[in-house]
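Reviewing the structure listed below.
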Amino acid sequence: MSLTGMDEIVRTLRDRGRTVLGPVVRDGVITHAEIESVDELPTGWTEDQDGGRYRLVATGSDEFFAFSAPSSSWKRYLYPERTVLIRAKRASDGIKIETPVPEASSVAFFGVRSCDLAALGVLDQVFLDPAATDPTYAIRRADAFIVVAACNNPGNTCFCASMGTGPSPEAGYDLAVRELVDENRHEFLVAAGSERGAELLAEVTSSKAGDVDLEQARTAHDRAVANMGRQLSHKDPPLAALDPNHPRWDDVAQRCLACGNCTMVCPTCFCSTTEDSTDLTLASAERTRVWDSCFSLDFTHLHGGSVRTETKSRYRQWLLHKLVTWHDQFDMSGCVGCGRCITWCPVGIDLTAEIAALARPHQQPERSGEAK
Amino acid sequence: MKSISDLLSEHPLFAGLAPEALELIAGCGKNVHFGQDDRILVENEPADVFYLIRVGRVALEVATPRRGPLVIETVGPGEVLGVSWMLPPYRWSFDARAVDSTRAVAIDAACLRDKCDEDPTLGYELFKRFAGLVRNRLQTTRLQLIDLYGNDAS
Amino acid sequence: MTLPDISIVRPAPMTPTMYRVVSRRQDLADTVSFEMAPIDEIVAPPSPGQFNMLWAFGIGEVPISVAGYQDGILLHTIRAVGAVTNALVACRVGDEIGVRGPFGVGWNLPQAVGRDVLVVAGGLGLAPVRPVITELITQRADYRRAVVLVGARSPESLLYRDELELWRGRFDLDVEITVDTAPPSWRGDVGVVTRLIDRAPIDPRNTTAFVCGPEVMMRFVAQALVDRQVPPDEVLVSLERNMHCAIGHCGHCQLGPDFICKDGPVMRWPRVETQLRIPER
């Protein structure tokens, strides 16, 4: 379909009462916000990303999806930064608790990257576990209409190909879009991934894709795979063999600020804390769930102290959880290869490089006791 | 009526020791009995004997000016009372008092030290066993020192 | 990916139900035991070793092991170590405390049917194993020898003193108590609880051990048990970590691959030994 068709998708979703959220340029980054038409998409922009570096760069073309992983992911729409869990009142006849009922917010996610789509699948395993389901996440997730945009132009910090999460989506979406751009044309290949996706597709102006279109899409996919900025080597030796006493942990701890940026931008980090508050009269109280980071000193607070006091142990917890113990817990990796943690780390720590170093066997330090 | 040698062979400290060695040590030993609250050892007095406890319980104590005597450890059946006999200055570090009626085999330290000088193999065997005993005691004492159950302990 | 059937989602996994304090006992200067009765909704009967999240209005929640359960009445023993526990300990008879639970994997005493049962408790660790001891007593014939070893800082800091004396008086239970330091009026053992393990009248290879206390103590006790030939798989410890949700969502209680709230708090020694020996893991 043409650009008109794409705009029809956005407008039809809006007409059906959905808030359409899509990528936009704002404050010098590409982030997500409500859009009313495709005019608001980041036409002609791509990103220059590297360890601790993010710049918007003009492409000189009118490609819509020339960027890779924008600064924010989609997790905050399903798992908000702050969620009120209970409200309580203390009256003469006792304490009464009210549980706010989560509202379904009818949204559409427009222009989701494959890595971010995979991240939703990862969070599903956490929050939709039948043994303990998060009501807010469940209600919002069930309703969200997802339009994925396959990546033609992976960024310098991207490694979704290593993680098997991209650059093109396989399943779990309502509609999947690939922008087909060359000297001759600027069109969009759209596929339906669900019944409601197919139904919407039937409503908008489009023509059936030909072999040339599919060929061009395949070429774009292969080129994207070949142009990944980074890769995660994790088969040899297997990640599970990472040594918690490897000297590299001390090395990265010297650089890490424990600022927690990585956990904030990561699309799969899910840790939270709770905050209790009361009004001045102590007659009413609220309990709120708030995003938290395993990098905070208080994260492991127990009996007046913390278990993980050193930056080293906190960084180690984050990395080993994301790439190793997540497998034990959820039968998958916690990492989708979006590269945001590399881009948004103020000191540019690159977990692909850290893993490569940690996977190398290390020399035991000399214990001869002789002075060097 | 068991011989000293038999009693020694039953005590964990000498488990597995050859009968000849047991006989040698038994030559320095005799049966003793303490009544409840009997004083057994006194701090700084000559350490010229040690005891293999068979029945009962002995408290190791240290006298303190303000808090009175404090029990720092109790020694029970199968355990040993007294290690200061092994090395100079051969003086007791603590007081010891029988908490319950206690039976033990008392070994004359000077007698045993002489026998160890004459028979280094026996000496080595004895010191090995006592080293293990002291190591265990050090370990458990260190655990006591860190005040495991205190408010901030984890 | 299958999207959830919203209709079966329990609407309030994070909402406590209110309980009322019906009795209060000051165990130690900083430790209190409460019996609590449901005001409205009752929580599911906890099994020994499980815990509840107790909520102090406006202050916060903490995980506290269930020390006893009878006819819907919960027994919790709480030590004041922080803001929430200080608020809880200050509660009086008639006050309300929020309860969520029960959570976690418990001791599962029946796994030791036909075997010797060894309970080793240190300090406040006596509270989480108290339900094991009471269950053991009611089903005594199912088990062979039963030995309870209790360690505390001093005679004054022993918990459940009256019950300890009752248990010690039983012919079918071997109870040994040791303290780290004592005045001469103490006629019992002085020394760490690991020393009692050597003398415990058990058949090590046929023993299941239930161990609870400060983490350092559990490490040394577990090692002493293994040294005495108790199969490592038969040594169970109860761990604790910072918790906010108790349902595996907040992430705080992780020890390596395990969430202490749902994979524990009771865990088999081999599973946690490696992690516990890594400093700050």
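The values are calculated or read from the model by the stated rules, or taken from the named source; none is laboratory data. The shown structure was predicted, so the numbers you read here are calculated from the model rather than taken from an experiment. Ideal geometry is used to build each Cβ from the backbone, glycine not excepted, and the neighbour counts take in all protein chains shown. Side chains included, ligands, DNA and RNA excluded: accessible areas come from the protein's heavy atoms. Shrake-Rupley method; radii C 1.70, N 1.55, O 1.52, S 1.80 Å.
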Is it true that A:E34 is among the acidic types (D, E), open to solvent by 20 Å² or more (accessible area, probe 1.4 Å), at pLDDT 95 or above and farther than 30 Å from A:L351 by Cβ? yes
Could you grab me the full set of residues in the stretch C:115-131 that are surrounded by fewer than 24 Cβ atoms within 10 Å (Cβ to Cβ) and touching a helix residue (DSSP H, G or I) at 6+ places or on another chain (Cβ under 7 Å)? C:R115, C:D116
Can you pull out every residue in the stretch C:38-55 that is aliphatic (A, V, I, L, M), open to solvent by 10 Å² or more (accessible area, probe 1.4 Å) and in contact with a Gly (Cβ under 7 Å, 6 or more places away or on another chain)? C:I39, C:I42, C:V43
Given the condition free of Cβ contacts under 8 Å to residues at least 40 places away in the same chain and under 30 Å from C:R199 (Cα atoms), answer yes or no: does some residue in the stretch C:98-111 qualify? yes
Pairs where the first residue, in the stretch A:302-313, is more than 7 Å from chain C (Cβ to nearest Cβ) and the second is among the small types (G, A, S) and part of a loop (DSSP other than H, G, I, E, B), C-beta under 6 Å, 6+ apart: A:T311/A:A258
Enumeration of residues in the stretch B:71-105 that are farther than 24 Å from C:D180 by Cα, part of a strand (DSSP E or B) and open to solvent by 10 Å² or more (accessible area, probe 1.4 Å): B:R91, B:R103
Within the stretch C:76-93, track down each residue that is under 13 Å from C:R24 (Cβ atoms), open to solvent by less than 30 Å² (accessible area, probe 1.4 Å) and not in a helix (DSSP H, G or I). C:H76, C:T77, C:I78, C:C91
Out of everything in the stretch A:249-287 that is farther than 30 Å from A:I97 by Cα and of a type in the set (V, I, T), what residue ends up being surrounded by the most Cβ atoms within 10 Å (Cβ to Cβ)? A:T268
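So that you can scan it fast, the table gives a plain yes or no per residue for (1) at pLDDT 95 or above; (2) small (G, A, S); (3) farther than 26 Å from A:G210 by Cβ:
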{"site": "A:P130", "(1), (2), (3)": "no, no, yes"}
{"site": "A:T133", "(1), (2), (3)": "no, no, yes"}
{"site": "A:D143", "(1), (2), (3)": "no, no, yes"}
{"site": "A:C158", "(1), (2), (3)": "yes, no, yes"}
{"site": "A:S168", "(1), (2), (3)": "no, yes, no"}
{"site": "A:L175", "(1), (2), (3)": "yes, no, no"}
{"site": "A:L180", "(1), (2), (3)": "no, no, no"}
{"site": "A:E183", "(1), (2), (3)": "no, no, no"}
For the stretch C:61-75, which positions are of a type in the set (D, E) and either buried (at least 22 other Cβ atoms within 10 Å of the Cβ) or assigned to a strand (DSSP E or B) (or both)? C:E61
Would you mind finding the one in B:A18, B:A47 that is touching a Lys or Arg at 6+ places or on another chain (Cβ under 6 Å), of a type outside the set (D, E, K, R) and over 19 Å from B:Q144 (Cβ atoms)? B:A47
Scanning the stretch A:323-361 residue by residue, the ones that are open to solvent by 10 Å² or more (accessible area, probe 1.4 Å), in contact (Cβ under 8 Å) with a residue 40 or more places away in the chain, within 22 Å of A:D292 (Cβ to Cβ) and outside any loop (DSSP other than H, G, I, E, B) total 3
